[in-house]
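Novice: Below is one structure. I have some questions about it.
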Amino acid sequence: MSPEARALLEEASAVVCTQAKLDPKSSVAIDEMQARPSLPVQHPDAQAGAQRAQKLLPVAKALVISSLRQLVVEYNLQKSPRFERRVQQAIARVNAVRRVRPDMESRDNASVFLSRPQVITFGTIFLAGLRSDEGMISVLAHELMHIADGENDSLRLLVSAVGSKAGDLTGLDVQGQRGEEITCDLIGAMAVRAYVADTPGYESIARRLARSIQHNCVEIDEGDEDHLSPRSTIRALLSLHPVLVRELVNDREERAQPVPPVKQ
Ligand SMILES: [Zn+2]
């Protein structure tokens, strides 16, 4: 990355985490969620989150499919008939998802059991901590991308290309599962960007876009073997999406993306 690109990335990252403090609907940071006591499924905040997630699931599915298509073209994989078949199967898996299941034990995590891929299990702390449609769509899209990749990592070609690119741009180690996680985050950010373009409102563009990444604005910045740390996730994600960086910094959309109609 050029010094200019790096400076712009730092600026965008500052916008995301400044909005975390100013925006009344900002997503709660992961470390703050981790520190909270478990939340019963019946708690009003958990119920509101579960309803929001279920309501947005059809939109998130459509946005994941269009974002995946876009990413395949961006990484120049659209010409391989074998990969195209895999993408079609991935899209079928996304389309088969039916339900969000709120779960107290899952706390601040969302997960998919690939033996039961029609259901996204969502911790109640996480449901309550994602206070905007944009924040919720980014996490739903992340989980849907895991479902798209499926049990056999069938989108490996795309996932490892995204991971290598993030690694090259940032110098971070983004191999293996970390590549999949950052690809899921990227699809989440792309989905939110398309959602913002498709649902104009009075809130600032930067504020709405920031919600797609904001849960990573942690104080305690720890990763593990499978995940970059949250702060590194912000850097890796923004390095992959220079348009998003400029939109965050300039508080202006560069180009409205066409979004396919959603059947509800
Ligand atoms: Zn994940």
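Each reported figure results from applying straightforward, stated rules to the coordinates on display, with no laboratory input. What you are looking at is a predicted structure, and each value in this text was computed from that prediction instead of being measured. Note: ideal-geometry Cβ built from the backbone for every residue, glycine included; neighbour counts use all protein chains shown.
Novice: Could you list, ordered by first residue, the pairs with Cβ atoms under 8 Å in which the first is in the stretch 214-227 and within 18 Å of LEU186 (Cα to Cα) and the second is among the hydrophobic types (A, V, I, L, M, F, W, C) and part of a loop (DSSP other than H, G, I, E, B), at least 6 apart or interchain?
Specialist: GLN214/ALA29; HIS215/VAL28; HIS215/ALA29; HIS215/LEU130; ASN216/ALA29; CYS217/ALA29
Novice: With the condition being within 16 Å of the ligand (Cβ to nearest atom) and closer than 23 Å to PRO81 by Cα, I'd like the helices (runs of 4 or more DSSP H) fully within the stretch 148-223 carrying at least 1 qualifying residues.
Specialist: In the stretch 148-223, 156-170, 177-198 are the helices (runs of 4 or more DSSP H) which contain 1 or more residues that are within 16 Å of the ligand (Cβ to nearest atom) and closer than 23 Å to PRO81 by Cα.
Novice: Condition test on GLY135, is it crowded, with 23+ Cβ neighbours inside 10 Å and either free of Cβ contacts under 8 Å to residues at least 24 places away in the same chain or part of a helix (DSSP H, G or I) (or both)?
Specialist: Criteria met by GLY135.
Novice: Is it fair to say SER229 is within 16 Å of the ligand (Cβ to nearest atom), surrounded by fewer than 22 Cβ atoms within 10 Å (Cβ to Cβ) and on the phi < 0 side of the Ramachandran plot?
Specialist: Answer is yes for this residue.
Novice: Scan the stretch 60-82 and give yes if some residue there is away from the ligand (no atom under 15 Å from the Cβ), over 27 Å from GLN47 (Cα atoms), hydroxyl-bearing (Ser, Thr, Tyr) and under 15 Å from the mean Cα position of the chain (by Cα), otherwise no.
Specialist: Yes, because at least one residue in the stretch 60-82 is away from the ligand (no atom under 15 Å from the Cβ), over 27 Å from GLN47 (Cα atoms), hydroxyl-bearing (Ser, Thr, Tyr) and under 15 Å from the mean Cα position of the chain (by Cα).
Novice: Can you name every residue in the stretch 175-185 that is touching a residue at least 24 places away in the same chain (Cβ under 8 Å) and over 10 Å from SER239 (Cβ atoms)?
Specialist: Correct list: GLY176, GLN177, ARG178, GLU180, GLU181, THR183, CYS184, ASP185.
Novice: Okay, next question. Give the residues of the stretch 148-206 that are buried (at least 18 other Cβ atoms within 10 Å of the Cβ), of a type in the set (Ser, Thr, Tyr) and within 18 Å of MET1 (Cβ to Cβ), sorted by residue number.
Specialist: THR170
Novice: Now a separate question. From the residues in the stretch 9-59 that are over 17 Å from the mean Cα position of the chain (by Cα), in a helix (DSSP H, G or I) and polar (S, T, N, Q), which one is farthest from VAL249 (Cα to Cα)?
Specialist: By that ranking, first place goes to GLN47.
Novice: Quick one: how many residues across the stretch 132-162 are under 15 Å from the mean Cα position of the chain (by Cα) and of a type outside the set (Asp, Glu)?
Specialist: Number of matching residues: 16.
Novice: Follow-up. What pairs come up if the first residue lies in the stretch 73-95 and is closer than 13 Å to LEU158 by Cα, the second is in a helix (DSSP H, G or I) and among the basic types (Lys, Arg), and their beta carbons are under 8 Å apart, counting only those six or more places apart or on different chains?
Specialist: Pairs found: VAL87/ARG69.
Novice: If you don't mind, there's one more thing I want to ask. Based on what the data block shows, is ALA29 within 30 Å of GLY163 (Cβ to Cβ) and within 16 Å of the ligand (Cβ to nearest atom)?
Specialist: Taking the combined requirement at face value, the residue does not satisfy it.
Novice: Okay, moving on. I'd like the full set of residues that are part of a strand (DSSP E or B) and within 13 Å of the ligand (Cβ to nearest atom), limited to the stretch 97-122.
Specialist: Result: ALA110, SER111, ILE120, THR121, PHE122.
Novice: For the condition within 15 Å of the ligand (Cβ to nearest atom) and in contact (Cβ under 8 Å) with a residue 40 or more places away in the chain, what is the one hit in LEU56, LEU140?
Specialist: LEU140
Novice: Identify, please: which residue in the stretch 10-53 is β-branched (Val, Ile, Thr) and under 27 Å from TYR202 (Cβ atoms) and is, among those, surrounded by the most Cβ atoms within 10 Å (Cβ to Cβ)?
Specialist: So the residue we want is VAL16.
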